[in-house]
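First the structure, in the form of structure tokens, and then the observations on it.
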Amino acid sequence: MITVVRAGPLTTIQDQGRPGYAHLGVPRSGALDSRALRRANAMVGNPASAAGLETTLMGCALRFEEPAVVAVTGAAAIVKLDKVPVDGLIEVGAGSLLDVGRATRGVRSYVAVCGGLDVEPVLGSRATDTLSGLGPARLTDGMTLSVGRPPAASPEAAVSLEPDDSPEIEDQPEIADELDLGVWIGPRDDWFSGSELFDTPYRVSPMSNRIGCRLSGAALTRTRAGELPPEGVVLGAIQVPVDGQPLIFLADHPTTGGYPVIGVVDDVNALAQARPGSTVRFHALD
Amino acid sequence: MRLKRAGASALLIECRDGEQVEAWRSELLRRRDAGDLRIVDIVPGARSLLLDGVGPGTVEALAALPEPRRSAVSRDQWPVVPIPTVFDGQDLADVATRWAMTTAQAIDHLTTTDFTVAFCGFSPGFAYMRGLGEKFSVPRLDAPRPRVPAGSVGLAGEYCGIYPTASPGGWQLVGRTSETLFDVRDEPPARLGPGTRVRLVAA
């Protein structure tokens with residue numbers, strides 16, 4: 001059992017989401033930086049599908065009633081166990097306090113506990129969907145979380161592994177203040193003129209959230225009037241509303257949208273760590 | 001068929017109208033269930049079908065398929081889901097005026113229309129049902145209501161929709177139902193998925 005001592009502004013339970021229900025209007029949801037959660041799970045010996053915590057900017061603090069093996073990935077943040085800074089694979093004793101500090105780079109930290117967080121899955125996933133409200137409630141101070149049973153070979157097997165030597169565990173990517181994102185052009189690039197998207201940098205707006213990363217910069221010019229009949233949209237879709245300021249869909253994005261999608265960002269993981277004010281540039285893929 | 005790319009692992013099939021979308025949807029669903037195609041999400045829109053999470057070779061496989069015939073959608077064999085509806089919506093009188101009908105005639109029109117779920121969106125289980133046709137299109141409200149109760153039956157554009165949960169909403173409300181339309185304990189969780197035929201029944 002874990003007691004939430006400090007929930008932080010938005011800490012949610014996340015896993016790899018619930019794809020397969022988009023035709024019923026159910027967002028995929030799941031960890032915004034899914035790679036970072038996968039990495040944390042691999043470190044503690046969990047399957048990739050295990051549920052962990054996703055914090056936002058300010059981290060969180062957790063008291064463990066029983067011993068646990070924990071890993072924290074994602075944003076750069078100071079992690080302390082009973083006020084002592086710790087790193088890598090963390091062995092938590094019964095009664096200890098784990099404090100994930102404020103993000104000094106990036107936005108979202110991921111906390112994986114060996115055995116995974118044990119909450120009732122909803123449509124096959126334990127992810128909190130901030131758009132539809134499906135999944136477990138966001139964390140609040142004082143609430144408790146249950147930990148699942150460790151996978152058969154763990155935690156001893158996981159502990160004995162040097163994380164860096166495991167082929168399963170990807171390196172933590174550098175978190176940059178400037179992102180250069182690859183974009184697949186279309187499907188509605190014919191609603192816009194030329195290469196405007198690639199000409200100038202954009203800034204990440206403070207209005208960004210788990211649904212989408214809002215950008216501000218040169219407005220994209222539509223060459224076509226009228227409305228697009230609503231159509232299905234994918235993760236990473238760059239939707240352009242009437243004001244011309246692009247919005248990149250992240251995990252909790254709606255399943256259909258009525259604004260044209262000029263292109264699709266190939267890998268949205270880095271956007272999960274893009275702080276407001278960060279610079280985003282795009283380059284075309286083909 | 002016009003096929004467009006939507007990122008590295010998704011394709012968009014552009015269609016002429018909602019019926020062609022439905023013909024493609026049921027055909028691809030059948031082929032996926034038979035194991036011929038690997039597609040995670042088959043998501044209809046108003047005039048398109050999004051295939052998300054497609055396996056390699058899907059473009060070639062799709063290009064080789066003949067256009068599904070609309071008659072392949074054997075509508076008569078499908079069950080019709082009746083939705084008991086109380087027609088007391090705040091905008092019913094305005095809708096009737098727009099249609100140049102009395103309120104009773106408007107209710108009669110709504111209860112004799114064969115609706116088909118074209119696509120879902122907006123919120124889990126919210127079905128955009130076609131069947132009214134362009135002639136009976138109604139605009140959205142200028143200012144959306146901050147809260148529309150669950151079960152509200154509304155119209156916008158040429159679609160009829162029912163709010164599965166309470167939410168803000170800009171559709172013109174014609175009535176309400178007490179039916180549960182979305183429940184995560186059900187499989188499928190949405191009562192009105194794409195392709196479902198629906199009748200509003202005066203309650």
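Cα convex hull of the range B:2-73: mean projected area in nm², to one decimal? Kindly include the intermediate steps, with their values, before the conclusion.
Details: hull surface 17.1 nm².
That works out to 4.3 nm², a quarter of the Cα hull's surface.
With the contact rule set at Cα under 8 Å and sequence spacing of 6 or more, what percent relative contact order holds for chain B? List each step's numbers first, then the result.
Details: 411 pairs, mean separation 43.3, N = 203.
It rounds to 21 percent for chain B.
Which whole number gives the average, over all residues in B:47-56, of C-beta atoms from other chains lying within 10 Å of the residue C-beta? Let's see the in-between values first.
Details: counts 4, 7, 3, 10, 2, 10, 6, 0, 0, 0.
Counting other chains' Cβ atoms within 10 Å and averaging over B:47-56 gives 4.
Just how large is the dipole of chain A about the Cα centre, in debye to the nearest 20, putting +1 at every Lys and Arg Cβ and -1 at every Asp and Glu Cβ? Please list the in-between numbers first.
Values: 23 positive and 35 negative charges, 176 e Å.
About 840 debye.
What number comes out for the charge environment of residue A:181, summing +1 per Lys or Arg and -1 per Asp or Glu over other residues with Cβ under 12 Å away?
Working: positive: A:281; negative: A:178, A:180, A:266, A:267.
Every neighbour counted, the sum reads -3.
In sequence order, what are the phi-derived ³J(HN,Hα) couplings for the range A:125-137 according to the Karplus relation 6.51 cos²θ - 1.76 cosθ + 1.60 with θ = phi - 60°, rounded to whole Hz, with x for glycine and proline?
Karplus-based 3J(HN,Hα) across the range A:125-137 equals 9, 9, 6, 7, 9, 6, 7, 9, x, 5, x, x, 5 Hz.
Under the rule of at least 5 residues apart or a separate chain, name every residue whose amide H is placed under 5 Å from the amide H of residue A:192.
Result for residue A:192 returns A:223.
Neighbouring Cβ atoms within 10 Å as the yardstick, rank A:58, A:207, B:129 fewest first. Write out the running numbers ahead of the final one.
On the way: A:58 18, A:207 13, B:129 25.
Lowest count first: A:207, A:58, B:129.
If you fit an axis through the alpha-carbon atoms of helix B:103-112 and take the longest principal axis of the Cα set of chain B, what angle between them do you get, 0 to 90°, nearest 10?
30
In whole Å, how far is the Cα centre of the range B:26-75 from that of the range A:220-266?
Between the Cα centres of the range B:26-75 and the range A:220-266 lies a distance of 23 Å.
Please report B:111, A:55 as a ranked list, fewest other C-beta atoms within 10 angstrom at the top and most at the bottom.
Details: B:111 14, A:55 27.
Exposure proxy ranking, most exposed first: B:111, A:55.
Taking residue A:83 as the anchor, which aspartates and glutamates have their alpha carbon closer than 20 Å to its alpha carbon, excluding any fewer than eight residues away along the same chain?
Hits, sequence-local ones excluded: A:65, A:66, A:91, A:99, A:141.
Work from the charge dipole of the range A:1-79 (Cβ charges, +1 for Lys and Arg, -1 for Asp and Glu, about the Cα centre) and give the residue of A:3, A:51, A:22 farthest towards its positive end.
Toward the positive end, the furthest listed residue is A:22.
Tally Lys and Arg at +1 and Asp and Glu at -1 over the other residues with C-beta under 10 Å from the C-beta of residue A:18: what net charge comes out? Write out the running numbers ahead of the final one.
Details: positive: A:28, A:126; negative: A:15, A:129.
Net local charge, residue A:18 excluded: 0.
Using alpha carbons only, how many degrees (0 to 90, rounded to 10) separate the axis of helix B:18-33 from the longest principal axis of chain B?
The answer is roughly 50 degrees.
Would you mind pulling out the separation of the Cα centroids of the range A:11-77 and the range A:82-121, in Å?
11
Tell me which of A:75, A:128, B:18 sits at the most positive position along the dipole axis of the protein assembly as shown, charges placed on C-beta atoms (Lys, Arg +1; Asp, Glu -1).
B:18
Report the net charge of residues surrounding residue A:101, where surrounding means a beta-carbon distance below 15 angstrom and charges are Lys +1, Arg +1, Asp -1, Glu -1.
Working: positive: A:6, A:80, A:83, A:102, A:105, A:108; negative: A:82, A:87, A:99.
Overall, the nearby charge balance is +3.
Near the amide H of residue A:179, under 5 Å away, which other amide H atoms are found, from residues 5 or more places off or on another chain, if H is placed in the peptide plane?
Counting only residues 5 or more places away or on other chains, the set is A:279, A:280, A:281.
In debye, nearest 20: dipole of the range B:2-73 around its Cα centre with unit charges on the Cβ of K, R (+) and D, E (-)?
Details: 12 positive and 11 negative charges, 21 e Å.
For the range B:2-73, the charge dipole is close to 100 debye.
What is the set of long-range amide H partners of residue A:74 at a cut-off below 5 Å, with H atoms built 1.01 Å from backbone N?
A:110
Along the range A:191-198, what does the Karplus equation 6.51 cos²θ - 1.76 cosθ + 1.60 (θ = phi - 60°) give for ³J(HN,Hα), rounded to whole Hz, x for Gly and Pro?
Coupling constants for the range A:191-198: 8, 10, 8, x, 10, 3, 4, 9 Hz.
Between the helical axis of A:34-44 and the dominant principal axis of chain A, each derived from Cα atoms, what acute angle in degrees is found, rounded to the nearest 10?
10
Quick one: order A:221, A:3 by neighbouring beta-carbon count within 10 Å, fewest to most.
Details: A:221 12, A:3 15.
Going from sparsest to densest Cβ surroundings: A:221, A:3.
Quick one: putting +1 on the C-beta of Lys and Arg, -1 on the C-beta of Asp and Glu, what dipole do you get for the protein assembly as shown around its Cα centre, in Debye to the nearest 20? Let's see the in-between values first.
On the way: 47 positive and 59 negative charges, 240 e Å.
It comes to approximately 1160 debye.
Given all pairs of different Cα atoms, what value in angstroms does the Kirkwood hydrodynamic radius of chain A take?
Details: mean 1/r = 0.0511 Å⁻¹.
The answer is 19.6 Å.
Tell me, rounded to the nearest percent, the portion of alpha carbon pairs in the protein assembly as shown spaced more than 42 Å apart. Please report the intermediate quantities before stating the final value.
Numbers: 27261 of 119316 pairs.
Above the 42 Å cut-off, the protein assembly as shown has 23 percent of its Cα pairs.
Can you give the convex hull volume per residue for the Cα atoms of chain B, as a whole number of Å³? Show your work: numbers first, answer last.
Numbers: hull volume 27.4 nm³, N = 203.
Output value, Cα hull per residue: 135 Å³.
How would you rank B:113-124, A:239-250, highest first, on the average number of other Cβ atoms within 10 Å across their residues?
B:113-124, A:239-250
Using +1 at the C-beta of Lys and Arg and -1 at the C-beta of Asp and Glu, which of A:84, B:93, B:164 has the Cα lying farthest in the positive direction of the dipole of the protein assembly as shown?
B:93
I need the phi-derived Karplus couplings for the range B:34-41: 6.51 cos²θ - 1.76 cosθ + 1.60, θ = phi - 60°, integer Hz, Gly and Pro marked x.
Karplus values, whole Hz, x for Gly and Pro: 7, x, 7, 10, 10, 9, 6, 10.
Need one value for A:181-192: mean number of C-beta atoms belonging to other chains within 10 Å of its residues' C-beta atoms. Kindly include the intermediate steps, with their values, before the conclusion.
Working: counts 0, 1, 1, 6, 2, 5, 12, 3, 1, 1, 0, 0.
So the per-residue partner count for this stretch is 3.
Taken together, the values in this text are just the output of simple stated rules run on the coordinates, not laboratory data. In this text, all values refer to a predicted model and were calculated from it rather than measured experimentally. Cβ: placed from backbone, ideal geometry, glycine included. Neighbour counts: every protein chain shown.
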